[in-house]
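Undergrad: Here it is, the structure, as structure tokens.
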Amino acid sequence: MITTANVKNGVNVDQLVETIEHVKAQPELGKFKFRTKNNWITGGHCVSSAKSFYGVCQEDTTREETFTMECDHPNVLLGEDLAPTPAEVVLHALGSCLTGAMAYHAAANGIDIESASSNLEGSCDLQGFLGLDPEVRKGFDGITFKLKVKSDATAEQLENLARFSPVFDMISNPTPISIEIIKE
């Protein structure tokens, strides 16, 4: 007997519902730890790698590849313009997570999404980073996310679904960060 997967918006809804039920029954299955290793090359150029993570109560060993990401700065910011800036990577992560959260939650709610594309913009003032004005924030002072979606759902429904994004939560709410320097 051949069965067809219940897929909506590229999401296997049957597996999603099964996952939700497992986490409801055993909340510890929902605890994950993601990791990256970052290596400084020179100036603002860094390369990060990601492979291992902890989830579903165990170390994950299913990834065969190590994923790499680079960051640099444009010439005007004294970089070699070899990769996007860290700020642009944050925008990429936010846009991807908002869109993905919307697609997953739409699928779980029976909502079709035909297409989605977004533009993100973050503004900042270098006076904060350069230490010239302690009143100026070092990071983004605001981010705009404009999402163009083809769907029968209302804009309000889609926005509420997108707000399930973990990266949206990480950026819009303070996340404790501990810094430990190990001198060699």
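The values are calculated or read from the model by the stated rules, or taken from the named source; none is laboratory data. Since the structure is predicted, the reported quantities are computational estimates derived from the model, not experimental observations. Positions of Cβ are backbone-derived with ideal geometry, glycine not excepted, and every protein chain shown enters the neighbour counts.
Undergrad: Could you please give the count of residues in segment 1-15 that are farther than 20 Å from THR99 by Cα and either charged (D, E, K, R) or at pLDDT 95 or above (or both)?
TA: Total meeting the criteria: 1.
Undergrad: I'd like the full set of residues that are under 11 Å from LEU94 (Cα atoms) and not in a loop (DSSP other than H, G, I, E, B), limited to segment 155-169.
TA: Of everything in segment 155-169, those that are under 11 Å from LEU94 (Cα atoms) and not in a loop (DSSP other than H, G, I, E, B) turn out to be ALA162, PRO166, VAL167, PHE168, ASP169.
Undergrad: A further question on this structure: Is there a residue being exposed (fewer than 13 other Cβ atoms within 10 Å of the Cβ) and touching a residue at least 24 places away in the same chain (Cβ under 8 Å) anywhere in segment 53-64?
TA: The answer is yes; a qualifying residue exists.
Undergrad: Might you check whether a residue that is assigned to a loop (DSSP other than H, G, I, E, B), touching a Leu at 6+ places or on another chain (Cβ under 7 Å) and either in the same structural domain as LEU94 (by TED's automatic domain parsing) or closer than 18 Å to HIS92 by Cα (or both) occurs anywhere in segment 119-137?
TA: The answer is no, given that none of the residues of segment 119-137 is assigned to a loop (DSSP other than H, G, I, E, B), touching a Leu at 6+ places or on another chain (Cβ under 7 Å) and either in the same structural domain as LEU94 (by TED's automatic domain parsing) or closer than 18 Å to HIS92 by Cα (or both).
Undergrad: Suppose we filter LEU147, LEU132 for residues that are at pLDDT 95 or above, loosely packed, with under 13 Cβ neighbours inside 10 Å and on the phi < 0 side of the Ramachandran plot; which single one remains?
TA: Result: LEU132 is the single residue among LEU147, LEU132 that is at pLDDT 95 or above, loosely packed, with under 13 Cβ neighbours inside 10 Å and on the phi < 0 side of the Ramachandran plot.
Undergrad: For THR85, work out the one condition from (1) loosely packed, with under 12 Cβ neighbours inside 10 Å; (2) β-branched (Val, Ile, Thr); (3) touching a Gly at 6+ places or on another chain (Cβ under 9 Å) it doesn't fulfil.
TA: Failed condition: (1).
Undergrad: Would you pick out the residues in segment 105-129 that are surrounded by fewer than 15 Cβ atoms within 10 Å (Cβ to Cβ) and under 20 Å from PRO166 (Cα atoms)?
TA: ASN109, SER117, ASN119, GLU121
Undergrad: Right, here's the next one. Hey, which of the strands (runs of 3 or more DSSP E) in segment 1-79, taking only ones fully inside, have at least 2 residues that are in the same structural domain as ASN109 (by TED's automatic domain parsing)?
TA: none
Undergrad: Same structure again: Would it be correct to say that HIS92 is under 27 Å from ASN6 (Cα atoms), assigned to a helix (DSSP H, G or I) and not aliphatic (A, V, I, L, M)?
TA: No.
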